[in-house]
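Structure record follows, encoded as structure tokens.
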Amino acid sequence: GKVTGGWPFQRYPTGWHERVAVAMRRLKDLPAVPKSRKNLRRLSEVLQAATGPRLTGRDVCFTRHLLAQIHASRGLPGDPQHTAQRRGKEQVVEGRLPHGEVAAALEQRLGPFPKDGGL
């Protein structure tokens, strides 16, 4: 996708460093990031670097490229394309059974089998 509007990390909005700190804590609380989500892992490294003096030109270029990919595939927050995609995902999630109901159904179906014998 085409990138417009300059380069990332040239200006930081008010509260940006605090929001990054919160995001980094949340990422650390997640289980291991799957290899299929390598952009998330790499972006977290760049954000960590951006909060201190270790940000490199390579980090900035990676971030710009990643933002272009996101923009091309689903739009940025506030874009109609992005909003429509989010609504579609929310509707899919709303249609799923809650975890408790799934667990109860599995327990009922697997009840006849020994609990320590495998399937």
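Exactly one residue among 51, 63 is touching a residue at least 24 places away in the same chain (Cβ under 8 Å) and in contact with a His (Cβ under 7 Å, 6 or more places away or on another chain), and that residue is 51. Checked against (1) open to solvent by less than 60 Å² (accessible area, probe 1.4 Å); (2) among the small types (Gly, Ala, Ser); (3) modelled with pLDDT under 85; (4) under 21 Å from residue 15 (Cα atoms), residue 75 passes all but a single condition, namely (4). Going residue by residue through the range 33-53, is there one that turns out to be modelled with pLDDT of 85 or more, surrounded by 12 or more Cβ atoms within 10 Å (Cβ to Cβ), among the aliphatic types (A, V, I, L, M) and not in a helix (DSSP H, G or I)? Looking for residues that are modelled with pLDDT of 85 or more, surrounded by 12 or more Cβ atoms within 10 Å (Cβ to Cβ), among the aliphatic types (A, V, I, L, M) and not in a helix (DSSP H, G or I), one finds none in the range 33-53, hence no.
Kindly indicate the residue of the range 85-100 that is in a helix (DSSP H, G or I) and either open to solvent by 100 Å² or more (accessible area, probe 1.4 Å) or of a type in the set (Phe, Trp, Tyr) (or both) and also farthest from residue 71 (Cα to Cα) among those meeting that condition. Within the range 85-100, the match that is farthest from residue 71 (Cα to Cα) is 99. Annotation: residue 77 fulfils all but one of (1) within 14 Å of the chain's Cα centre (by Cα); (2) in a helix (DSSP H, G or I); the unmet one is (2).
The values are calculated or read from the model by the stated rules, or taken from the named source; none is laboratory data. All of these numbers come straight from a predicted model, not from anything done at the bench. We place every Cβ from the backbone using ideal geometry, glycine too, and count neighbours over all the protein chains shown. Keep in mind that these areas ignore ligands, DNA and RNA; they rest on the heavy atoms of the full protein, side chains included. Shrake-Rupley method; radii C 1.70, N 1.55, O 1.52, S 1.80 Å.
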